[in-house]
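Derivation of every value follows stated rules applied to the coordinates shown; laboratory data play no part. Here the structure is a predicted model, which is why all the values come from computation and not from measurement. Here the Cβ is made from the backbone with ideal geometry for all residues, glycine too, and neighbour counts use every protein chain on show.
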Amino acid sequence: MTTAAIRRTQAERSAATRARILAATVDCLVEVGHAGTTTLEVQRRAEVSRGALLHHFPSRAELLVAAVYQLFEAQREVVGPAVLRAREVGGIDAGIDVLWIAFNSPLAVGIDELWAAARDDAELREAIAKQDRNARVEIRNLCDALWPGYVDHPNYELALPIIIDAMHGAARARVVRSDRTTAKRLAGWKQLLHELWD
C-alpha cells in the first residue's frame, strides 16, 4: 500500500470520527437540549475516546458551533424536497407552509437551543455571532427558492423580515400554544403576503 493510500485511509477515518461526533451532538441538542449536551454525553453517544473528541473539538463551544453547520446541512436535506413540491404548486400559501415546516422541524429546535444558550455563554455567543450572516443567508435563500416569482416585487424586502421574525417567535411559543392558534397564525401570514404581494 502506498503512503498516499495510507494517508487517504487515515483522513477518511478522521472524517468519519468527526461526522460521528457531530451527529451525536445534533442528536443531543434535539433530544435533551443545550444543557444536556455535555462533551461526556456526546463522547458516550459517538463511542469515541476523550482524546478523539478533544482532537476534533478542543472546547464545547467549538463543538456546538460546528453542530450549527451540521444542523443547517441536515435542515437543507429535510426542507429541500418540500421546497420542490411547493414550487410545483406555486404561490404564497405553499411557501408559507414550507417555511413553517422549516421553523418547526426537530433540527430547527436544535438550532434554536444553541441560539438561546448563547445568551448566557459568552464563548458560545461570540462564536455563533460570527455565523449569524450564514444563518440569515440560509433563510433568505430558502425564501427566494419558495417565492421566485415575487423576489423582484417592491414589497418583497419589506415582508420577509416580518414573516421570518413572526415564524421564529411563533415556533418557540408553540410549546405552550394550541394547534388552533398556529392555524390562525398561518392563515394570517398568508393573508398578509397576499395583501403585500398580489
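Key figures for this structure:
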{"item": "Helical mean residue ellipticity (222 nm; -39500 (n - 2.57) per DSSP H run of 4+; nearest 500) of the chain", "result": "-28000 deg cm²/dmol"}
{"item": "Relative exposure of 72, 57, judged by other C-beta atoms within 10 Å (fewest first)", "result": "72, 57"}
{"item": "Percentage, to the nearest whole number, of Cα pairs in the stretch 7-122 over 17 Å apart", "result": "59"}
{"item": "Net charge dipole size for the chain [Lys, Arg +1 and Asp, Glu -1 on Cβ; Debye, nearest 20]", "result": "540"}
{"item": "Projected label distance in nm at residue 55 and residue 104, using a 7 Å step from Cα toward the beta-carbon", "result": "4.3"}
{"item": "Fully extended contour minus Cα-Cα distance, from residue 140 to residue 173, at 0.36 nm per residue", "result": "9.6 nm"}
{"item": "Whole-number D in µm²/s for the stretch 41-198 (Stokes-Einstein; Kirkwood sum over Cα pairs; 37 °C, 0.692 mPa s)", "result": "190"}
{"item": "Relative contact order %, the stretch 1-135, counting alpha carbon pairs below 8 Å whose residues are six or more apart", "result": "26"}
